[in-house]
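**Student:** Structure in structure tokens, see below.
The values are calculated or read from the model by the stated rules, or taken from the named source; none is laboratory data. Just so it is clear, the model here is predicted, and its values are computed rather than measured. All Cβ positions, glycine included, derive from the backbone under ideal geometry; neighbour counts span all protein chains shown.
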């Protein structure tokens, strides 16, 4: 994923990458190029919520996820974004994040025509369940299953390349 000084968003994803991302390194790359760092954690949001894989939240300006994959909720999505001071220049002038209005305008009316109360309730239930010990145990089992499948493929002569 090439990044240059004209980049606006730098967005690594985990849909086809089976290892943990180095978010601190990705943050440095984004900063060196004046880019926002966006993490799409749709495939790993349950693992992140359970604390069994590294979280992008400390490093990313925007984090997006679906709620129906490893988070085990209804089909929906969530976008988190930073607010407040983005940077301070050498003269002490602050630059603020401007993500809120941009994201809100893109979602409504761009993608969503209005609130879907049944989906909001479903997401709330999934997030509450994510706080339970059973959910964390389930996510550890997901990792165990992934390792077992990778090992079975290796035993058959395949190479895991990502």
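**Student:** Take the stretch 44-98 and flag every residue that is closer than 15 Å to residue 123 by Cβ, touching a residue at least 40 places away in the same chain (Cβ under 8 Å) and not in a loop (DSSP other than H, G, I, E, B).
**Tutor:** 46, 49, 78 - these are the residues of the stretch 44-98 that are closer than 15 Å to residue 123 by Cβ, touching a residue at least 40 places away in the same chain (Cβ under 8 Å) and not in a loop (DSSP other than H, G, I, E, B).
**Student:** Something else about it: Confirm whether residue 52 is at pLDDT 95 or above and either closer than 16 Å to residue 87 by Cβ or surrounded by fewer than 19 Cβ atoms within 10 Å (Cβ to Cβ) (or both).
**Tutor:** yes
**Student:** A follow-up question, please. Is it true that some residue in the stretch 138-153 is free of Cβ contacts under 8 Å to residues at least 60 places away in the same chain, more than 15 Å from residue 47 (Cβ to Cβ), out of contact with any helix residue (DSSP H, G or I) (no Cβ under 6 Å at 6 or more places or on another chain) and assigned to a loop (DSSP other than H, G, I, E, B)?
**Tutor:** no
**Student:** Name the single residue, out of those in the stretch 82-111 being closer than 22 Å to residue 68 by Cα and within 20 Å of the chain's Cα centre (by Cα), that is surrounded by the most Cβ atoms within 10 Å (Cβ to Cβ).
**Tutor:** 103
**Student:** How many residues are surrounded by fewer than 21 Cβ atoms within 10 Å (Cβ to Cβ) and either under 13 Å from residue 66 (Cβ atoms) or at pLDDT below 90 (or both) if we restrict to the stretch 9-30?
**Tutor:** Matching residues across the stretch 9-30 total 9.
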